[in-house]
Amino acid sequence: MSAAPDPAGEPHLSLSGVSAHYGAVEVLRDISLRIAPREAVAVLGRNGVGKTTLVNALFNLGPQVSGAIRLMGQEVTGWPTHRIARLGAALVPQGRGVFPNLTVAENLQLASFRNRPGTWTLECVFDTFPGLAERRASFSSSLSGGERQLLAIGRALLTQARLLVLDEPSEGLAPLMAEEIIVEQVGRLAKEGMTVLLVEQNVPLALRLCPRAVVLGAHEIAFDGPSGDILANPALLRRHLGV
Amino acid sequence: MGYAIVQVLNALSFSALLLLTALGLSVVLSLMNFINLAHGSFYLLGSYIAVFWFASGAPWWLAFPVAFLATALAGALLERFPFRGFYARTHLMQVLLTYGLSVVFADLMRWGFGAQILSPELPEPLQGVVFLLDMPFPVYRLFLIGVGFFLAGILWVLLDRTLWGAVVRASVADRGMVETLGIDTRRVLSAVLVLSAGLGGVSGALGAGMLAAYPGLDEEVLILALVTVVVGGLGTFRGTVLSALVVGFALTFSKVWFPEFANVVAFSAMAVLLLLRPAGLVAPRLRQV
Ligand SMILES: Nc1ncnc2c1ncn2[C@@H]1O[C@H](COP(=O)(O)OP(=O)(O)OP(=O)(O)O)[C@@H](O)[C@H]1O
Ligand SMILES: [Mg+2]
C-alpha cells in the first residue's frame, strides 16, 4: 500500500458549490473542496461555525443540502446515509456516538453486519486497541472517554472504509490521551493509507497530524492550504481560530 | 389446596397470553416509538384463523405458524402503507390513524366471520382436563402457559442475544449512527413491525382456545395489553414479564375473591401501582429491550 497522497487521482471526496441549511438558517454557503486519496486534511474553525454541519451534509444526516457532493467518484447528494457509507466513508461523530446499550463487542460487530469482510477484522481491532479487548463484554456506557473514542474509531475501521471522518475526537479527552489517540493512532492509520478528514478545535494537534488544513469562516472557507502557512498567519489565527 | 393451585395456573395461563400480546405492542412502542392501536386486530385475526384452521382438518399445530405468517403479512402491507409515514409523527396522529384502522378492521372481520362467538374445536391432544389434587384443569391452558413463555423466551434471545437484536437496539439509541455503518434502518424497523404483527396473530391463535373469538375481543385484548405495557414500564423486557404476571394474577384473583367487582378491584390496584411507580414496575435500564 502506497502511503503518499495522490492529488492527480480521482478525489475520494469532492464538494462543489455546496450550501447547507437547517430550515431558513443557512450555515454553509457555496463550499468547494477536493480531498485526494490518502490525504489527511484538518477542518478548523470556531465554535458553531458549521464544521459538524459540513460532516452531516456529507453523510446526509440532517441539514438540507444543495450543490454536488461526490464520494469515491459518485455523486451522492441526497442519497440515504447507509448507501453513502457503503461507498467507503466512515464517521467518528462528535460525542463519539457509541451505542451505550450495547457491549463493546456488539458495537464493533455492528459495523461488519452489513459490510463485506475486508482488511479489518474484530481481532485486528482488538490487537490494535488492546484496552478494548479486555472490555469486550462490558457495556460501552461503562467505558472511559478515551476508550469510547477508540471504540468509535475501531467501529469505523470495521466498515472497511477508505475515508475516515472524525469530528472533534479530542473533545473531552485529557491532553495526553488526545495526543495518543489522534497523533499516534489516527496518524498511523493515515500513514497506512487511510484518507482522513479531521475536524478539530485543537489547532496544534490537528496541524501536527494533517499536512493540509481548511479553515471555515462564517459560512465560507476562509483558508485552504498547507498547515505550515496557517501558523505563519497571525491574522487568520486570531480571526477564525481564536488562538 | 388443589383449588389454589388451579387458580394459580389459571392466572399463569392468562399471564402468558397477556405477555405475548403485550410484547408485540411493547417492541414497536419502545423500539420504534410507534403506538399501534390496531394490535388487537392482529390478535383477533389470529384467533379467527385458529378457529377455522382447527375445523379444517389440517394438522392442528400448523395453526400457530399460519396465524403468525398471515398476520405478519398483514403487518408488512400495513407497514408499507400507511404506518411508515407515521413513525416520525406525534403519538396523537399515530393513535388517530391506528384507532381508525382498528375500527375498520373490526367491521371487516365482523362482515367476514360473523357476529357470533366462535369457540374452536380443540385438537384431540389438547382436549380434556388433568387432575391436580383432585381438581380438574384444562390441558389446553397448560399448553398455553408452556408455549407462551417459550415464545417470549425466543423473542428475548432474538432481541438481546443476537447481532440482529443489537442492530435493533442500536437503531433505537441512534438511528443516524447505525446508518453510517451501512445499515438500512428503515428495513430493520419494518422487520420489527412485521414481527410484532406476527406476535399479535400467534397470541390470538393461542388465546382462541381460552377466550374464543368474537367482535369486540380485539379491543378488550388491546386494553389489557396496553395496561400490561404501561404497568411494566416502557422498553423493558423484564418489566413486561413482571407486569403480565401482575395483571394476570390481579384479574384472575379479583374474579375469584370479588366476582362482582373484579375489574374495579384489578384496575384500581394497577392505578395505585402506577401512582407509586409512574415509570412502571421496572424503570428502563440501558440493556433491556
Ligand atoms: N439540527 C439543527 N437545527 C438547527 N440549527 C442547527 C442544527 N445543528 C446546528 N445548527 C446550527 O448551525 C450552526 C453550525 O453548527 P455546527 O454544529 O455545524 O457547528 P460546529 O462548527 O460543529 O460547532 P462546534 O465546534 O461547537 O461543534 C450553529 O449556529 C448551530 O446553532
Ligand atoms: Mg461540531
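Laboratory data are not the source of any read-out in this text; all were calculated from the coordinates shown. Values in this document were obtained by computation on a predicted structure and should not be read as measured data. Cβ coordinates were reconstructed from backbone atoms using ideal geometry, including for glycine residues, and neighbour counts include every protein chain displayed.
Rg and Dmax, both from the Cα atoms of region B:2-276 and both in Å, are 18.7, 63. All Cα-Cα distances of region A:57-200, cut into 10 Å bins from zero to the largest, leave 12, 42, 36, 10, 0 percent in each bin in turn. Charge tally around residue B:79: other residues with Cβ under 12 Å, Lys/Arg +1 each, Asp/Glu -1 each, net +4. Normalised Debye scattering of region B:30-172 at q = 0.11, 0.16, 0.19, 0.20 Å⁻¹ gives log10 I(q)/I(0) of -0.59, -1.08, -1.27, -1.31, counting only Cα atoms as equal scatterers and leaving out solvent.
Considering every pair of different Cα atoms, what Kirkwood radius, in Å, is found for region B:141-180? Final number for the Kirkwood radius of region B:141-180 is 11.5 Å. Of the residues B:87, B:240, B:195, the one whose Cα sits farthest toward the positive end of the charge dipole of the protein assembly as shown, with +1 on the Cβ of Lys and Arg and -1 on the Cβ of Asp and Glu, is B:87. Over all other residues within a Cβ to Cβ distance under 15 Å of residue B:263, the charged ones net out to -2, with Lys and Arg as +1 and Asp and Glu as -1.
With r defined as the distance between the Cβ atoms of residue A:24 and residue B:276 and R0 fixed at 41 Å, what FRET efficiency is calculated, to the nearest 0.05? In this case the efficiency is close to 0.30. In terms of other Cβ atoms within 10 Å, A:191, B:255 run from fewest to most in the order A:191, B:255.
Membrane-span-like helices in chain B, defined here as complete DSSP H runs extending at least 18 Å along the helix axis by their C-alpha atoms with mean Kyte-Doolittle hydropathy no lower than 0.5, are B:2-32, B:39-56, B:63-80, B:91-113, B:139-161, B:185-211, B:217-232, B:237-257, B:262-276; this is a sequence and geometry rule, not a statement about a membrane.
Select from A:74, A:17, A:48 the residue farthest towards the positive end of the dipole of region A:9-83; place +1 on Cβ of Lys and Arg, -1 on Cβ of Asp and Glu, and compute about the Cα centre. Final value for the positive-end residue is A:48.
Its DSSP H runs of at least 4 residues, each contributing -39,500 (n - 2.57), put the calculated 222 nm mean residue ellipticity of chain A at -7500 deg cm²/dmol, to the nearest 500. Shown here: region A:1-107, whose C-alpha atoms stretch 45, 43, 28 Å along the first, second and third principal axes, sorted largest to smallest.
Calculated over chain A, the projected area of the Cα convex hull averaged across directions stands at 12.6 nm². For A:215, B:6, the sequence from fewest to most other C-beta atoms within 10 Å is B:6, A:215. With the biggest extent put first, the Cα atoms of the protein assembly as shown measure 94, 46, 44 Å across the principal axes. Here A:12, A:21, A:240 are placed in order of increasing Cβ neighbour count within 10 Å, fewest first, which gives A:21, A:240, A:12. With the charge dipole of chain A set up from +1 on Lys and Arg Cβ and -1 on Asp and Glu Cβ about the Cα centre, the Cα lying farthest toward the positive end among the listed residues A:152, A:210, A:27 is that of A:27.
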